[in-house]
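Asker: Provided herewith is a single structure, encoded as structure tokens, for subsequent inquiry.
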Amino acid sequence: MSWRLQVVHTTKYRYDVPVAQSYNEARLEPRSDRHQTVLSSRVEVEPATRVVRHVDYWGSVVHHFDIQTPHQELTVTGRTTVETATSPPDVGDATWADLDSDDLRDQFEELLVPTAIVTWNDEITEVARELRAASATPTDAAEAVTGWVHDRLTYSPGTTGVRTTATEVLEVGGGVCQDFAHVALALLRAMGVPAWYVSGYLHPKKEAPLDEPLVGESHAWIAAFTGSVWPTDPTSTNPVGERHVRVAAGRDYGDVTPFRGVYAGHASQDLEVTVELTRRA
């Protein structure tokens, strides 16, 4: 089954006084892969300026731009139409011996170590050891991690922030999708399974009517290397399928932030982010 989804992601900054300059980058454009085909995608900036596009180290599309004239508002909009599909899961056939090999650990070194956000403590280390011991294959372990995180954490917006670490999330006992992803990454990496943080969108309705715009938001899930790259969603536990749109991947949220920037001036700012998802076919 395939869907055609239209995504409009708008980020708007308002400053109380004009700022002199700003330097910015956005990760709003998906790339085609085995799960999705990008039919059209563009990034619009107001005030108008030159936008430079490149692909980063992790394979994500980045748009860079700067504004050199005074401005009191900045609006960045990503508009994408993408066809998604429910593909048979290519779970891979790697063994624990494969993942423990020096060659593979060298290849995926950056996806096996902690980061400033993907941290682990004694609890995560012990849970990772237990889940690995109970799993015949890395694929089984990735499924077990997804279930454990979903059962252990409560979805509770407002209890965490973008810099909250995986160990802090466990202490709080809940968070949002990025927190579920960071805890799952900590467990997988602690047991020796390379894993990516993935950002994108999740259409909120399983039986979505056509041409009905719905309010959505950015979403996060993970992908584990189990002999192939296998995505899994610890927040919803739904298969990563036609409702998911993949935008960027990296070690943690810091590698995939949808928009970031700096400006020159002493203004305070208000931020408004909206995501609109529409199923077209």
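Values quoted throughout were computed directly from the atomic coordinates according to the rules given, and no laboratory measurement underlies them. All values reported here derive from a predicted model rather than from experimental measurement. A quick note on method: Cβ atoms are made from the backbone with ideal geometry, for glycine too, and the neighbour counts reach across all protein chains shown.
Asker: Considering amide H positions built from the backbone, and no H for Pro or chain starts, which residues 5 or more places from D252, or on another chain, come under 5 Å of its amide H?
Answerer: Those qualifying (amide H under 5 Å, at least 5 residues apart or on another chain) are Y197.
Asker: Counting DSSP beta bridges with both partners in the stretch 96-255, what percentage is antiparallel, nearest 5?
Answerer: 90 percent
Asker: Here's something else I'd like to know. In nm, what is the difference between 0.36 nm times the number of residues separating V172 and R105 and their Cα-Cα distance?
Answerer: In short, 20.9 nm is gained.
Asker: Can I ask one more? Hey, got a sec? Which chymotrypsin sites (Phe, Trp or Tyr not before Pro) in the stretch 1-103 land in a DSSP loop and have at most 11 other Cβ atoms within 10 Å?
Answerer: Those that pass, being in a loop and sparsely packed, are Y57.
Asker: By count of other Cβ within 10 Å, fewest leading, how are T164, T274 ordered?
Answerer: On the way: T164 19, T274 13.
Sorted ascending by nearby Cβ count, the order is T274, T164.
Asker: Quick one: among V169, V145, V19, which has the greatest mean-square fluctuation in a GNM of the chain with alpha-carbon springs under 10 angstrom?
Answerer: Its mean-square fluctuation being the largest, the pick is V19.
Asker: If you place +1 on the Cβ of every Lys and Arg and -1 on the Cβ of every Asp and Glu, how big does the dipole about the Cα centre of the stretch 96-255 come out, in debye to the nearest 20?
Answerer: Here the size comes out at about 300 debye.
Asker: Next question, about the same structure. If each residue of separation counts as 0.36 nm, what is the full-extension length gain between V17 and E276 once their alpha-carbon separation is subtracted?
Answerer: Here the answer is 90.3 nm.
Asker: Taking amide H positions as placed 1.01 Å from N in the peptide plane, with prolines and chain starts having none, which residues 5 or more places from G174, or on another chain, fall under 5 Å of its amide H?
Answerer: Under 5 Å from the amide H of G174 lie the amide H atoms of T154, each far enough along the sequence or on another chain.
Asker: Helix 138-152: angle to the longest alpha-carbon principal axis of the chain, degrees 0 to 90, nearest 10?
Answerer: Tilt relative to the chain: about 60 degrees.
Asker: Distance between the C-alpha centers of the stretch 164-219 and the stretch 76-139? Whole Å please.
Answerer: Distance between centres, Cα-based: 14 Å.
Asker: How far is helix 177-190 tilted off the main Cα axis of the chain, in degrees rounded to 10, range 0 to 90?
Answerer: It is inclined by approximately 40 degrees.
Asker: Report the full-extension gain for the segment R260 to A136: residue separation times 0.36 nm, less the Cα-Cα distance, to one decimal in nm.
Answerer: On the way: separation 124, 0.36 × 124 = 44.64 nm, distance 4.17 nm.
Contour length minus the Cα-Cα distance gives 40.5 nm.
Asker: Next question, about the same structure. Quick one: if you stick a label point 7 Å off each Cα along the C-beta vector at D93 and D33, how many nm between them?
Answerer: Going by the 7 Å Cα→Cβ label model, 2.3 nm.
Asker: Could you check which residue among P138, P239, P194 shows the biggest mean-square fluctuation in a GNM of the chain with a 10 Å Cα cutoff?
Answerer: Comparing P138, P239, P194 in a Gaussian network model of the chain, the most mobile one is P239.
Asker: Let me ask something else. Taking amide H atoms as placed 1.01 Å from N in the peptide plane, list the residues 5 or more away in sequence, or in a different chain, whose amide H sits under 5 Å from that of G216.
Answerer: V275, E276, L277
Asker: In whole Å, what are the Cα extents of the chain along the three principal axes, biggest one first?
Answerer: 59, 43, 36
Asker: State the antiparallel share, in %, of DSSP beta bridges confined to the chain, rounding to the nearest 5.
Answerer: Around 95 percent antiparallel, to the nearest 5.
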